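Peer 1: Below is a structure I'd like to ask you about.
No lab work stands behind these numbers, since they all come straight from the coordinates. Every value quoted in this text rests on a predicted model; they were computed, and no experiment measured them. Because the Cβ atoms are built from the backbone with ideal geometry, glycine has one as well, and the counts that use them run over all protein chains shown.
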Amino acid sequence: MKRFCQYSVLGIFLVFLLGFGSCQPNTPQTSNTNAPASNSAPNSNAPKSTAQVVKHAAASFPDFGFMVSPADYLNKYSSEPIFRLKADFPTELPPDSSMPAFMKIDFKTNPKEWIMAVRDYSFEGNLPNWDPFANQTRQWYHIPWLHPNSESGYPPNGGTEGFRGLIKEAPLSKHQLSETQEGENYQVYAITLINEYAGYTMGQMWKDPDNPNPGATDKRYGGGFPNGTVFAKLLFTDAPEGTDKIDFLENPLSWNVYITENWKSPNRVVKKVNLLQMDIAVRDSRADSATGWVFGTFAYNGKLNNPNKFLNLVPVGVMWGNDPTIKDNNVNPFPPKPVDQIENKNLKETIVFPSPDLPPQHLGWNSRLNGPADLNTASCLSCHITAEYPAATSLVADGMVPDGGPTPPPQGGTDPWMIWFQNIPAATPMNKETYSTDFSFQVAIALENFFDVKNARYQGMWYNDYKIKEFPISRDGGGDENIPKFDSEQKLRKKK
């Protein structure tokens, strides 16, 4: 349906008051243009209760959860974009003719060619603003229901901000990025786009916005992301600040966003963040002997000085399995080192790319693939195999946090530790009592957020709440007593 905007200045201001509704000529309208003012809470820096974020229009979703006031936007930030959620998901599986060309490249024998082709596919039409509405080449989408602040569903004071749609991801430890990085409360925010194959599955899950179907990503119920699915995520950090200097983040690609002051603060401010990392995940049946997914990571290096700053993203590596038979307990302590000094050539399901263009890295446990924003005690896949709803397994094993120290955790390589380094098939949950979200934490978080809000609306409790012990979807630990603990008999202690 075409919609035409013919508002006076006063009318535009009223639109903002009604929830920052999207209104652009000749554009299909998919986000929530009629959200009540209570959905936006634009005049408070404090995190909102999820109980306030309850209503949405039929077949629609809120765009974001945190934003400056309408007056501040008009007076101070009108040159910045306003985030619109794209969720007009396809109702039919895309035809074979739409299959990405990189699916013809062997990611095992030509991994660098493969990851660069995935990068180019993800960039095409989405640059410079990572805005799928502006893409004239193919359809990309967002994952809905990442906007609220949910204690069980996301890191503290998280939820989608209103300029660029970034959501809170993780804290950074001292020296995690560089020996010159002294700050410890830096934070990472991210924005993910999914292609039309993933969009089809999201359409099956959210066909009824008031009653999502968790089975859409679980193969026991006929679900799961189809071959050719692509997740492409940009990760930004507010590092460095003050006297800190990080040489590869000089000449940055920067956005202004509305985020918390630091990892621990509940207060939101407009501040600059710098592109740090790009992650990609591809559903590829050629990886079915391991997990069925291929993950890849890029690190930003501003010293390359490409005119298109997105091309300053340098590939770190790819992985399609957790190498569960390799149990050597080694970590790469902070600060990071050149990859050719720390790569593990015994790994069969991780390949890294040593290069003078690549900033020093710490990688993951035993040099499995992980990016600069990630733990050196885990791997891309060791975390993502736990993606399920509700979250019945902690994202990290006991001993994975805090990370960065010179001594490997004593739990590393034990039977309980290796639970996180299984090769679990795509669309299969770690716990049979839960739904698999098919390696996607953002889908798991979205479902957590939705049902938190629904429970608050009904002001009741549910039978299933007493059947499964849920764990926060958080990787920083933060003294979290919910992480299963390691004991001298190398067994997981079950919480009473």
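Peer 1: Distance cut-off 29 Å, Cα to Cα: go down the list Lys264/Lys348; Lys108/Lys219; Lys108/Lys233; Lys76/Lys174 and report the pairs above it.
Peer 2: Lys264/Lys348; Lys76/Lys174
Peer 1: Let me ask something additional. Using DSSP to define loop residues, name the trypsin sites (Lys or Arg not before Pro) in region 87-121 whose beta-carbon has at most 15 other beta-carbon atoms within 10 Å.
Peer 2: In loop regions of region 87-121 (DSSP not H, G, I, E or B), the sparsely surrounded trypsin sites (Lys or Arg not before Pro) are Lys108.
Peer 1: Quick one, can you get me the convex hull of the C-alpha atoms of region 78-493 expressed as volume per residue in Å³?
Peer 2: 142 Å³
Peer 1: Can you give the extra length, in nm with one decimal, that the chain gains between Lys174 and Asn213 once fully stretched, where that is 0.36 nm per residue apart less the Cα-Cα distance?
Peer 2: 10.0 nm
Peer 1: So what's the net charge close to Asp120: Lys and Arg +1, Asp and Glu -1, counting the other residues with Cβ under 15 Å from its Cβ?
Peer 2: For residues surrounding Asp120, the net value is +2.
Peer 1: Can you tally the net charge around Met99? Count Lys and Arg as +1, Asp and Glu as -1, for every other residue whose Cβ sits under 14 Å from the Cβ of Met99.
Peer 2: Computed value for this residue: +1.
Peer 1: A further question follows. Can you tally the net charge around Phe236? Count Lys and Arg as +1, Asp and Glu as -1, for every other residue whose Cβ sits under 13 Å from the Cβ of Phe236.
Peer 2: Within the 13 Å Cβ shell, the charges total +2.
Peer 1: Kindly write out, for region 221-227 in residue order, the coupling ³J(HN,Hα) from the Karplus curve 6.51 cos²θ - 1.76 cosθ + 1.60 (θ = phi - 60°), rounded to whole Hz, with x marking Gly and Pro.
Peer 2: Karplus-based 3J(HN,Hα) across region 221-227 equals 10, x, x, x, 6, x, 3 Hz.
Peer 1: Report, please, the projected area of region 198-256 averaged over directions, based on the convex hull of its C-alpha atoms, in nm².
Peer 2: 7.4 nm²
Peer 1: Can you give the percent of C-alpha pairs in region 71-115 whose distance is more than 17 Å?
Peer 2: Beyond 17 Å sits 66 percent of the P(r) for region 71-115.
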